[in-house]
């Protein structure tokens, strides 16, 4: 009975079905630019939603153009570029990524944006380097969608490229947090995504608090996106 009724609705109401298909497709297209990215691994909407969330948090900032911003674990630059679309007064963003494959895609996306007033700088390096003195206190705002998993938290793919996107293979989770801590300026803020792994027996948020307990940086969960927490670090 239920199956027959559902088929009848589909046949009798093609316009209704078509409208809903269009609605679903439209709602999936959250990003603002037509981004170039590797065929092997596409960015997720988590990054797009993070940029939108941070933009809403910053919309009342009195001088967006003065902010020194870093997109860390940048991939092809999605989060920073989306943020610059929502907040047109932003002028400068650094992008740090360790995988060289993303370099050409970043510059293609930058060319597609075609906003010459923007100062976007690409750095191909490991975030461990942010522990160095020259990066200390450099950024007022850091945005990041880092790997979600640590080694041993899941099955590795045959693709080393994908594994480096998903797992902390090039360094450690602790070093990632300490890189944020060192490179944040006083009163600076970092927003990043954290996948809860309690079902694996890990409490990563408690780990963050332990890592930062001897520093002037505080951590809190500020929102939730598609199964991930948005973590806010603030340097007091």
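The combined condition, being at pLDDT 80 or above and either under 17 Å from the mean Cα position of the chain (by Cα) or under 21 Å from residue 77 (Cβ atoms) (or both), is fulfilled by residue 189.
Restricting attention to segment 197-212, the residues being assigned to a loop (DSSP other than H, G, I, E, B) and more than 25 Å from residue 235 (Cβ to Cβ) number 3. In segment 37-88, of all residues being in a helix (DSSP H, G or I) and out of contact with any strand residue (DSSP E or B) (no Cβ under 9 Å at 6 or more places or on another chain), the one that is nearest to residue 190 (Cα to Cα) corresponds to 55. Residue 134 falls short on exactly one of the conditions (1) modelled with pLDDT of 95 or more; (2) surrounded by 13 or more Cβ atoms within 10 Å (Cβ to Cβ); (3) not in a strand (DSSP E or B), and that condition is (2). Within segment 105-126, how many residues turn out to be free of Cβ contacts under 8 Å to residues at least 40 places away in the same chain, surrounded by fewer than 17 Cβ atoms within 10 Å (Cβ to Cβ) and in a helix (DSSP H, G or I)? Adding up the residues that qualify gives 2. Of the residues screened, residue 179 is one that is at pLDDT 95 or above and either in a helix (DSSP H, G or I) or out of contact with any strand residue (DSSP E or B) (no Cβ under 7 Å at 6 or more places or on another chain) (or both). Taken across segment 93-104, residues that are assigned to a helix (DSSP H, G or I), at pLDDT below 95 and assigned by TED's automatic domain parsing to the domain that holds residue 147 do occur, with at least one present.
Quick check: is even one residue across segment 187-206 without any contact (Cβ under 8 Å) to a residue 24 or more places away in the chain, in contact with a strand residue (DSSP E or B) (Cβ under 9 Å, 6 or more places away or on another chain), assigned by TED's automatic domain parsing to the domain that holds residue 100 and farther than 25 Å from residue 81 by Cβ? There is no residue in segment 187-206 that is without any contact (Cβ under 8 Å) to a residue 24 or more places away in the chain, in contact with a strand residue (DSSP E or B) (Cβ under 9 Å, 6 or more places away or on another chain), assigned by TED's automatic domain parsing to the domain that holds residue 100 and farther than 25 Å from residue 81 by Cβ. Residues in segment 213-236 that are outside any strand (DSSP E or B) and touching a helix residue (DSSP H, G or I) at 6+ places or on another chain (Cβ under 6 Å): 215, 226.
The values are calculated or read from the model by the stated rules, or taken from the named source; none is laboratory data. Everything quoted here is computed from the prediction, not taken from an experiment. Note: ideal-geometry Cβ built from the backbone for every residue, glycine included; neighbour counts use all protein chains shown.
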